[in-house]
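This report refers to the structure that appears directly beneath it.
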Amino acid sequence: MWYQKDHIKGFYDSYQNNLELASLSPGHIRTNCFQCQIGLITTNSNRGRSDIRCPFGCRQAHLRKESNRRSTSYNKTEEGKAKKKIYNCQKKISPESDSVKQSPLPENISPYLHYIQILLFSVFGKLILFPEIKGLVLKAQEKLRQHPLEEVSEMIVLSGYD
């Protein structure tokens, strides 16, 4: 698995330890990703589900795979073949110009920020907005940048997460 690679293993172990130590607010449970088995915190409405996937890539990969499966099976039907034929003919007749630029998409929220928001809500019991979470993440990154790698590894060893 990707989280067992040497350069990620320390962060993964620290994440799992912190996840085990976190106290959950009412309405939240611990579960595991169906695909990679990483521990997650989710709402109580997901209790008993075995198809929960993590926001670290498994969820997006599954959605993409299922979308491709649905499209492929639909395009094999008579209706799908007819629509695909019409669509391809329209593409040949009026190809979209490269000079036409699309308007920029609105800023999307990262699935990591969304998951951090869920974790913070489950621990503190109150909703923290995305701009505040971004600020916290930037502060944490800045704090980690101030330390040489040797000091960071000493901090990890001293905190008992080695």
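Within the stretch 122-155, if we keep just the residues that are among the hydrophobic types (A, V, I, L, M, F, W, C) and modelled with pLDDT under 65, the residue that is farthest from E20 (Cα to Cα) turns out to be L149. Scanning the stretch 30-63 for residues that are aliphatic (A, V, I, L, M) and out of contact with any Ser or Thr (no Cβ under 6 Å at 6 or more places or on another chain) returns I38, A61, L63.
Rundown of residues vs (1) over 13 Å from the mean Cα position of the chain (by Cα); (2) surrounded by 14 or more Cβ atoms within 10 Å (Cβ to Cβ); (3) under 30 Å from V123 (Cα atoms), yes/no style:
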| position | (1), (2), (3) |
| --- | --- |
| I29 | yes, yes, yes |
| I38 | no, yes, yes |
| N44 | yes, no, yes |
| S50 | yes, no, yes |
| C54 | no, yes, yes |
| R64 | yes, no, no |
| Y74 | yes, no, no |
| K85 | yes, no, no |
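The values are calculated or read from the model by the stated rules, or taken from the named source; none is laboratory data. Note that the coordinates shown come from a computational prediction; the quantities given were computed from them, not determined experimentally. For neighbour counting, all protein chains shown are included, and Cβ atoms are generated from backbone atoms with ideal geometry for every residue, glycine included.
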